[in-house]
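The values are calculated or read from the model by the stated rules, or taken from the named source; none is laboratory data. Values in this document were obtained by computation on a predicted structure and should not be read as measured data. Quick reminder, even Gly has a Cβ in these numbers, built from the backbone with ideal geometry, and neighbours come from all protein chains shown.
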C-alpha cells in the first residue's frame, strides 16, 4: 500500500514529466512549423552557387539533428511515463532504492542511483581500458 509520501512523490514525478513532455512537443512543433515555413519561402534560384547550396545543406543537417534529438527526448519521456505507471520510475534498477527527487530533477531519465551509476561507469571504464590494451597489443597480420 502506497503511503501519502509515496503518492505525493508520484504526483510530483508525473507533474515533472508532463511539463517536460509539453516543452518537448512545443519544441518539435515549433521546429517543424519553422521548417515548413522556410521550405515554402525558399525557391530554387539559378543564381545560387555551390557555397549557397552547401550552406542550405548544412542548415538542413543541423535542423534534422536537432529534430532527432528532440524526438529522442520525447521518446525518453514516454518511456518514463510507462515506468511511472508500472511504479518503476524513480527507482534504481540495480538496488531498487528510490532515486532522490533532486537527482531526477537534474537527470530525469536516470535509471540508477548515484552509487550504482558510479559503479557501472567504473566497470565501463575498466572494460574500455581492457579493450584499448587488447587492441594495442594485438599483433597485426601481414
Just for the stretch 79-98: of the residues that are crowded, with 16+ Cβ neighbours inside 10 Å and in contact with a strand residue (DSSP E or B) (Cβ under 7 Å, 6 or more places away or on another chain), which one is nearest to residue 25 (Cα to Cα)?
90
Identify, from the list 76, 130, the residue that is assigned to a helix (DSSP H, G or I) and surrounded by 11 or more Cβ atoms within 10 Å (Cβ to Cβ).
76
Go through the residues of the stretch 117-126 one by one and say whether even a single one is touching a helix residue (DSSP H, G or I) at 6+ places or on another chain (Cβ under 6 Å) and either without any contact (Cβ under 8 Å) to a residue 40 or more places away in the chain or surrounded by 11 or more Cβ atoms within 10 Å (Cβ to Cβ) (or both).
no
Does the stretch 77-91 hold any residues that are on the phi < 0 side of the Ramachandran plot and under 18 Å from the mean Cα position of the chain (by Cα), and which are they?
77, 78, 79, 80, 81, 82, 83, 84, 89
Considering (1) modelled with pLDDT of 90 or more; (2) within 20 Å of the chain's Cα centre (by Cα); (3) farther than 24 Å from residue 14 by Cβ, say which one residue 115 fails and leave the rest.
(2)
Can you say whether residue 63 is modelled with pLDDT under 95 and over 28 Å from residue 14 (Cα atoms), as far as the supplied structure shows?
yes
